[in-house]
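Below: one structure, written as structure tokens.
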Amino acid sequence: MPAREPGRALSGEGERWARFGRWVADRRAAAGLRVRDAAKRAGIGEAEWRAIEAGHREIGTLRVFVHPDAELLGRIADALGVPRAEALEHAEVPVLSPVGADGSPEAPAMLDGRARALLERIRRLTPADRELLERLVDRLLRT
């Protein structure tokens, strides 16, 4: 996961999660929930919820972006009492086709079998591994 050095501007990815964190904090406040209560509803610890609202977590002197997966985004939405699709939208998760019953994006029917299989494999990666894959793809596309 990319980290931000002190004094450096956030990247597009950092801004994305900072915007999402502000939205989560605003929705939590509008729902009249304390961090403790919202975190409990989502089934995560208070520190994790605070990291989501901040858009990052501190690891030593490094600031590491949060990357909640679609399942956690759905639990956050449920905790806030908002539609899962709304949380996916605010997290700027590309929804390629209708959202599944569990709130996660479904593979579009137009993809061929290999592309669908690859998409499913990517979805099973940890957030840190997905970030590494994103960075690799970005580098490949820049050349």
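The values are calculated or read from the model by the stated rules, or taken from the named source; none is laboratory data. Model, not experiment: these values are computed from the prediction. When we count neighbours, we look across all protein chains shown, and the Cβ atoms used for this are built from the backbone with ideal geometry, even at glycine.
Structure summary
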read-out	value
Failed item in (1) part of a helix (DSSP H, G or I); (2) of a type outside the set (D, E, K, R); (3) at pLDDT below 75; (4) under 22 Å from A38 (Cα atoms), with A87 passing the rest	(3)
From V82, V95, residue being at pLDDT 80 or above, among the β-branched types (V, I, T) and not in a helix (DSSP H, G or I)	V82
Test for D138: is it surrounded by fewer than 15 Cβ atoms within 10 Å (Cβ to Cβ), of a type in the set (D, E, K, R), modelled with pLDDT under 80 and outside any helix (DSSP H, G or I)	no
Qualifying residue in the stretch 1-23 (condition: polar (S, T, N, Q), closer than 20 Å to R123 by Cβ and either part of a loop (DSSP other than H, G, I, E, B) or at pLDDT below 95 (or both))	no
Subset of the stretch 41-62 (residues that are more than 15 Å from D26 (Cα to Cα), crowded, with 18+ Cβ neighbours inside 10 Å and of a type in the set (G, A, S))	A42
Within the stretch 64-79, considering residues that are in a helix (DSSP H, G or I) and not acidic (D, E), the one surrounded by the most Cβ atoms within 10 Å (Cβ to Cβ)	I76
Filtered residues of the stretch 40-56 (kept if under 18 Å from A18 (Cα atoms) and in contact with an Asp or Glu (Cβ under 8 Å, 6 or more places away or on another chain))	none
Some residue of the stretch 122-131 being outside any loop (DSSP other than H, G, I, E, B), at pLDDT 95 or above and closer than 24 Å to G12 by Cβ	no
The stretch 59-72 residues that are closer than 16 Å to R19 by Cβ, paired with ones that are of a type in the set (F, W, Y) and surrounded by 16 or more Cβ atoms within 10 Å (Cβ to Cβ) (beta carbon under 7 Å, 6 or more apart)	F65/W17; V66/W17
